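Below: the structure, in structure tokens.
The values are calculated or read from the model by the stated rules, or taken from the named source; none is laboratory data. Keep in mind it's a predicted model, so treat the numbers as computed, not measured. Here the Cβ positions follow ideal geometry from the backbone for every residue, glycine too, while neighbour counts run over all protein chains shown.
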């Protein structure tokens, strides 16, 4: 059984990206899915002075262990002003400070984004495709879900047949 870590790259308590990552992970066959909820964590803003004073927070060590224990990462990014959500970026900053570690630990990843707008987080997805491999992500494929409220239902998932087909085809290739 494949262990999948589904991450929504947003600290919103009602994160559409957590919903998308959870849904996409559920489409994998024979998988044990763990959902990481960034909104449930209160992580101090990274600074070298805080790291020197207090060390790496336990929360960060727990997150890195979840990555290490996973066989596959399903990550959907929120786009805030064309970039990563600040809370998620902060978690990445802390995780990158663990000695001898690349943030994503050379794990294969389905990298996604969604937003309420028609571009579906395209800007943050482009940025992440370029920087995450340097942080140890093996990006196997990407998916963008535009206009989340029109294309996703909490009970049934992706409602647009073309977009659903696109995601299912990607996951079939990754399975």
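Observations
- Filtered residues of segment 68-87 (kept if surrounded by fewer than 23 Cβ atoms within 10 Å (Cβ to Cβ) and closer than 12 Å to residue 132 by Cβ): 84
- Evaluating residue 22 against the criteria (1) touching a strand residue (DSSP E or B) at 6+ places or on another chain (Cβ under 7 Å); (2) touching a residue at least 40 places away in the same chain (Cβ under 8 Å); (3) assigned to a helix (DSSP H, G or I) leaves one unmet condition, (2).
- Residue in segment 153-174 that is surrounded by 21 or more Cβ atoms within 10 Å (Cβ to Cβ), in a strand (DSSP E or B) and touching a strand residue (DSSP E or B) at 6+ places or on another chain (Cβ under 8 Å) present: yes
Okay, residues lined up against (1) over 27 Å from residue 103 (Cβ atoms); (2) at pLDDT below 95; (3) in contact with a helix residue (DSSP H, G or I) (Cβ under 7 Å, 6 or more places away or on another chain):
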position	(1), (2), (3)
136	no, no, no
142	no, no, yes
153	yes, no, no
159	yes, no, yes
162	yes, no, no
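- Only residues that are in contact (Cβ under 8 Å) with a residue 60 or more places away in the chain, farther than 16 Å from residue 84 by Cβ and either surrounded by fewer than 22 Cβ atoms within 10 Å (Cβ to Cβ) or more than 12 Å from the chain's Cα centre (by Cα) (or both) were counted in segment 108-142, giving 2.
- Of all residues making up segment 63-82, the number that are in a loop (DSSP other than H, G, I, E, B), closer than 19 Å to residue 120 by Cβ and in contact (Cβ under 8 Å) with a residue 12 or more places away in the chain: 2
- Inclusion of residue 105 among residues that are under 30 Å from residue 56 (Cβ atoms), touching a residue at least 60 places away in the same chain (Cβ under 8 Å) and within 16 Å of the chain's Cα centre (by Cα) is not warranted.
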